[in-house]
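In what follows, a single structure is set out as structure tokens and then discussed.
Every number here is computed from the coordinates shown, using simple stated rules; none is lab data. Values in this document were obtained by computation on a predicted structure and should not be read as measured data. Backbone-built Cβ (ideal geometry, glycine too); neighbour counts: all protein chains shown.
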Amino acid sequence: MDILMKALYLLIFPGLLYCSVAGLLLAGIDRKVVARMQKRIGPPLLQPAYDFFKLLGKETIVPAAAARRTFLAAPVIGLVSLVVTAVLVPVFGFSAFGGVADVVVILYLLTIPAVAIIMGGAASGSPYAGVGISREMVTMMAYELPLVIVLLAVGKAAGDGGVTFSLSKIVEYQQANGPLITHWTMWPAALAMLLVIPAEIGSHPFDVAEAETEICEGALVEYSGAPLALFKLSSAIKLYIMTALFSCLFLSGWGTGIVAVDALILVAVCAVIMLICVSLVRAVCARLKVEILFRFYWRVVAVLAAISLILAWLVG
Amino acid sequence: MIQHLPILAIMTYFLGAFLTTLLGHNSKSVRWFLVMLASVASFVMMCLLIKPIFLDGGIIGYWMGGRAPEAGYAIGIGLEVDALSLFFGLLVTFTVLLSAVYSIKYISRDDAQDKYYTLFLMLAGGVLGLVLSGDLFNIFIMVEIMTFAAVALTAYRNWAEGSLESAFKYLAVGSIGSSMILAGTIMVYSQVHTLNLAQISALLAGQGLTNTTVFAFALLFIGFGVKAFIVPFHPIAADAYMTAPASISMVFSGMVNKAGVYGMIRLVYVVFQIMDVKSVNYLIVLLGTITMFIGVTSALNQHDFKRLLAFHSISQIGYVITAIGLATSLGIAGGLYHAMNHTLFKGLLFLCAGAVFYSAGTTDLDRLGGLAKRMPQTAAIFLVGAAAISGIPPFNGFASKWVIYQACYEAAAAASGFASIFYAVVTIVGLLVSVMTLASFVKVSQSVFFGQLPDEFDEVKEAPLLMRIPMWIMAACCLLAGLLPGPLSRFALQPAAAATLNIKGYIDTMMGGGYAASQMGDVTPVAELDFSTIGYWQPVAWLVLFVIIMAAVLIVALGSQGARGNKRSTELEKVDGKYATFFGGEHSTYSMVGGSDLFWGLRYNLRHYFGFLSDMHSGVVNDYALWAVTAAAGIILYMFLFL
Amino acid sequence: MFKKLIDNSTAKSPWIYHINAGSCNGCDIELVAVLTPRYDAERFGFKLAGTPRHADIVVVSGPVTSQSKERLIRTLEQVPEPRVIVSLGSCPRSCNVFKGSYSVEGPLDKFCHVDISVAGCAPKPEAIVLGLAQAAQLLKQKREEAAQK
Amino acid sequence: MILTNYVCSILLIALGLYCVVCKRNVFKIVIGMGVIDYGVNLLIVSIGFNPGGSAPIFTARELSHDMFFVDPVPQALTLTSIVIGACVTAMAMAIVIKLKQKYGTLDTEKIRRIHG
């Protein structure tokens, strides 16, 4: 029974099925909204799903120069780690694995998809992938520092004097004291987190790693068919997870108590967050250079987050 | 019988070393037999100690020649094995065993193998003697034996580029450290007129801190700092790890620097019991944090596989030191856990580097590439090691790092004012260092195992089975240590942490019951480590996940077609059309991003800092000595000012 | 059902890879114009892919020159099945004004099977959209045919 | 009188450190290492010294309570330490010979193939 429950969590809700649907939906909304911002009609809402299924039906080519096993295993590993992360992020009050979700675990799990892309790219043996890997890695180091500080700041603010690494404790604190976004000390951190999200999911101004016009999609250059579909699904799920993480860190503490309704509300909230930090930015910005991106995250975003951390210490 | 095991384990190594020189000169098989016998026997002896010490909580004291203390003074030389010593002893014997197996094939192309094995066993005996010893001067002697053997082994392949100079640097800076240990020892002796650790501990606790004690502590601390290769004593380590044979690099990072760490723990927690002094905590944590940061950033700068690993070794020791400096039971347990994990994964990575060197003849990241096609098992093992050291769940590096962050942040929460901000910054640096570790291992995997295969490595073959066996064992241990933190902490880490904090038993075992009671305060309780909060330690969930992964991999593998990757690269050149790499329409040729160029964006932004690092590791032995002396002076000054 | 889902998706999400085989850039500009707000080909799911591995539809413009011939053929081979090749403009169809030039080896159908051909110099965006939409349907057809085999 | 010993030993250690840090000749660095060792040895012996004490050479039968002699333990330590120091110097010399053969120089500024 326990196994069945766990399998249910991992595969249906809040695991694979739920987060895939939510992620693809969010990606669809994103594309539609950006199109509307540019006065276009835009693709149908389900376009990312169409893309995904189409790619499943395509031929999978493994280049002769590739390290075959790594090349094929990389997308699966990335997807699985994201599904695990999705299970660990609470849906308002509900968290699948008994409320023991931990911020550091999530932090580390979130690096795995990027690493999977990098490993896959490295295994493909393409020079474009080499450049892509380099950029992906630098991007990752750029946003990881602010992300770490944000998580610690939130942990401090929600720690009730101490510090907590537990997401469920953070949610409980917000249930008692209102969402953290209402605390003025957390505003810089929230802003920093909003800026981290587009880099984490590799959306437009920060998509140096997958710049399709410069380096032919970077690390994904040799992927086709089902593995590529898994990567696309991963990036959609990442969209959901990052926004859900934001809502969990700053906007949670309420909810109807009915899991199904909460899940729907969460997707709506995610969509709003995504509109603010992904779609809007994506529609108006041009792609940054990688060294500028790095400087931006370490000088601006990290400082924002650090301000919050210090404020949390002084006030809390 | 059981109390004779520690000395027997040490003597087995030394006897083995002696016999190897005597008998193993001509015959390969005799040599191997002796070495394997010595390493297996010692390992078994250490394993036999698990039950009385870890499980039953006993402490074994042993007086050489039966010279028990007379009139309350220790006159003999003692061995004392508590859980802490045994923990490190197990690490040492385990590393030696695997390294010995690995050496058989790895060293087979060199001459003077009997010398190699003699020095190897001497090194092993030195480190084991150090961790099991209960006598301060004996510790010094063991440190010297260890350094001596280590230097000789660094210079063993004197045909290799730079091995001689790195051996000399190691010797020069290492001997400064040894002299400090000796000077510190004698200063302690001048205060308490004994060399027995247990008695020193009891008497010093009664005396309180005097100027001489502080000076002695500073000297010993610096000495063990040099042996643990904390920054700024680290450049010698980077050189030595790089140029020594990989089997020895593994031993270096697996146990030689652990010996320094052990010395520090013994020193600050047991001998001087100084960890309730906040300024010592800050100093150790600060040194640890600097060590991990400088280690990892220097690693980002490297373009040699083994040198990169060497800097990571330094960086990971920084984690251990930081955790130990926190002086909480969680911190100590985390530090010990990470020390163990570091032995496992860094040993594994060094063995991978050795396998690459054995097969391809170089470890230059700018020249290598695409070896995963020729050495698939080594590549797989390397990925395990890289994931473990970067702290990717579910491997062991993650679990121990998690404990360390937790300890850091709890310390931050417990402290107030400046200290809490300091510990918070330490946590942030720790997490950042982890990401950078990941980055540099991405660099290694891209430029050694993946990417394109240069023509010159066409003929490369997989490493021999005898080299792969220890690698696989270590890889399995990495996974097991990550998946079973609960039993591990219950049966090994908690006893060791408890032994570190509760030294009454340690003193009483050696000096007779009740000796400590007159001098010591209360026993510090050790909190139960709770790994359940990590959140993913749910075996059932992992089982389900495993099934899902397998199914997914199967589906993907079945649905894919493509050319098999086992062609020669000259043949790959001929592969055209569909299965060729996309090259913008051109015929695909060899073209790779060089390993040292992979983090351009980062390096460009931090160019001044990286320039400073390059200058710091100038390669001139005077500079290294200057770093060491300056740091030593600084530490001594700090101790006098704040203690 | 799953198969049908994939079949339907195939028609709805055609990704384009564009090869310029010596074109004067007129057609290329028109192709980009198709993606602008006025014509917005993305509403049909069209997207420009950065690499032939991701592509479903390869759009070739220009009379195949001797410099581009080999590269063109190589790139076309690298596109995974099912794929549709669309020739854009008069040049790949007949070499247009470049016919007879010492450096032109075209037209395109000498080297590969052309599924859809959009004529014009340069073709109107409306024509391109129509051609691409047909190509998308063709993709689905090809997939179904492949499944029957 | 004993103070002279301490001062001398500290001086020796300082001199040795100076030698290791500042001298560019590998050979002199080895000498410096030796000098540090001797300084420490002097320190050890001095610490064990009791003014007016006799040499601690007795059989167990001769031993009585009113005897006054210097502490024998540091002397034993010194012996061990001297032996170790000799070994280390021998090792260092061996390496220096090899260095000279391989690099053709004893200048530390030139013996830096590994750096960065």
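Applying 0.36 nm per residue to the separation of residue B:55 and residue B:209 and subtracting their alpha-carbon distance, the gain on full extension is 51.9 nm.
In plain terms, the C-alpha convex hull of the stretch B:46-147 casts an average shadow of 7.8 nm² when viewed from every direction. Karplus-derived 3J(HN,Hα) values for the stretch B:96-107, using 6.51 cos²θ - 1.76 cosθ + 1.60 with θ = phi - 60°, are 4, 4, 5, 5, 5, 4, 5, 4, 3, 8, 5, 9 Hz; glycine and proline are entered as x.
Centroid-to-centroid, using Cα positions, the stretch B:95-113 and the stretch D:1-37 are 39 Å apart. Rounded to whole numbers, the Karplus 3J(HN,Hα) couplings from phi for the stretch B:267-282 are 5, 6, 8, 9, 5, 9, 6, 9, 6, 7, 7, 5, 5, 5, 3, 4 Hz, using 6.51 cos²θ - 1.76 cosθ + 1.60 with θ = phi - 60°, and x at Gly and Pro. When B:330, B:465 are arranged by Cβ crowding within 10 Å, least crowded first, meaning fewest neighbours, the order is B:465, B:330. On the basis of the beta-carbon distance and an R0 of 22 Å, residue B:458 and residue B:366 show a calculated FRET efficiency of 0.75. Counting Cβ atoms of other protein chains within 10 Å of each Cβ in B:268-278 and taking the mean gives 0. Scanning residues 5 or more positions from residue C:65 or on other chains, those with amide H under 5 Å from its amide H are C:105, with H placed 1.01 Å from N in the peptide plane. Among A:40, A:287, the order by Cβ neighbours within 10 angstrom, fewest to most, reads A:287, A:40. Amide H contacts of residue B:584 (H built 1.01 Å from N, in plane; Pro and chain starts excluded): no residue 5 or more places away or on another chain comes under 5 Å.
DSSP loop (so not H, G, I, E, B), at most 13 other Cβ within 10 Å: list which trypsin sites (Lys or Arg not before Pro) in the stretch D:16-96 pass both filters.
Hits after loop and neighbour filter: D:61.
Neighbouring Cβ atoms from other chains, within 10 Å of the Cβ of residues in B:297-309, number 1 on average. On the beta carbon distance between residue B:30 and residue B:597, with R0 = 45 Å, the FRET formula returns roughly 0.35.
For the stretch B:623-638, backbone phi angles converted through the Karplus equation (6.51, -1.76, 1.60; θ = phi - 60°) give residue-by-residue couplings of 4, 5, 5, 5, 4, 5, 5, 4, 4, 4, 4, x, 5, 4, 4, 4 Hz, Gly and Pro being listed as x. Dividing the summed helix terms, -39500 (n - 2.57) for each DSSP H run of n ≥ 4, by the number of residues in chain A produces a 222 nm estimate of -22000 deg cm²/dmol to the nearest 500.
Eigenvalues of the alpha-carbon gyration tensor of the protein assembly as shown, scaled by 5 and square-rooted, set the equivalent ellipsoid semi-axes at 61, 34, 25 angstrom, largest first. Per residue, the convex hull around the alpha carbon atoms of chain B comes to 155 Å³.
Expressed in nm², what is the orientationally averaged projection area of the convex hull enclosing the Cα positions of chain D? Before the final figure, lay out the partial values.
Numbers: hull surface 38.4 nm².
Across all orientations, chain D yields a mean hull projection of 9.6 nm².
Just the Kirkwood number for chain A, please: inverse of mean 1/r across all distinct Cα pairs, in Å, one decimal. Don't jump to the answer; show the numbers that get you there.
Numbers: mean 1/r = 0.0505 Å⁻¹.
Computed over chain A, the radius equals 19.8 Å.
Among the trypsin sites (Lys or Arg not before Pro) found in the stretch B:48-110, those both in a DSSP coil and sparsely packed, with 15 or fewer other Cβ atoms within 10 Å of their Cβ, are B:67, B:109.
With K and R counted +1 and D and E -1, the other residues having a Cβ less than 13 Å from that of residue A:117 yield a net charge of -3.
Within the stretch A:45-61, which residues have the backbone N less than 12 Å from the label spot 7 Å out from residue C:147 along Cα→beta-carbon, could you tell me? Under cut-off, by backbone N: A:54, A:57-58. The convex hull built on the alpha-carbon positions of the stretch B:8-94 has an orientation-averaged projected area of 6.8 nm². Applying the criteria of a DSSP loop state and at most 12 other Cβ atoms within 10 Å to the chymotrypsin sites (Phe, Trp or Tyr not before Pro) of the stretch D:53-109 yields D:68. Simple spin-label estimate for residue B:466 and residue B:286 gives 5.1 nm between the two label positions (7 Å along the Cα-to-Cβ direction from each Cα). Size descriptors for the stretch C:15-148, from the alpha-carbon set: Rg then Dmax equal 14.0, 44 Å. For the stretch B:320-412, take the alpha-carbon Rg, divide it by the Kirkwood Rh, and send me Rg/Rh. Here the Rg-to-Rh quotient is 1.13. Return the whole-Å distance between the Cα centroid of the stretch C:107-149 and the Cα centroid of the stretch A:203-265. What the calculation gives is 33 Å, centre to centre.
In this structure, residue B:7 and residue D:25 have a Cβ-Cβ separation that, at R0 = 56 Å, corresponds to a calculated FRET efficiency of about 0.80. Considering helices alone, the calculated mean residue ellipticity of chain B at 222 nm is -22000 deg cm²/dmol, with DSSP H runs of length four and up weighted by -39500 (n - 2.57) and normalised per residue.
Close amide H contacts of residue C:19 (hydrogens built in the peptide plane, cut-off under 5 Å, sequence separation of 5 or more or a different chain): C:59, C:60, C:61. For the peptides C:75-82, D:78-85, residues were scored by their other Cβ atoms within 10 Å and the scores averaged per peptide; the highest-first order is C:75-82, D:78-85. Take each residue of peptide D:89-98, count the partner chain Cβ atoms within 10 Å of its Cβ, and average: the result is 5. Full extension of the chain between residue C:134 and residue C:8 yields a length gain of 44.0 nm, computed as 0.36 nm times the residue separation minus the alpha carbon distance. Model label points for residue A:289 and residue D:62, set 7 angstrom from Cα along the Cα-to-Cβ axis, are 8.6 nm apart. In this simple spin-label model, placing a label point 7 Å from the Cα along the Cα-to-Cβ direction at both residue B:615 and residue D:87 gives a separation of 4.0 nm.
The Rg/Rh ratio of the stretch B:162-262, with both radii computed over alpha carbons and Rh defined as the Kirkwood radius, is 1.08.
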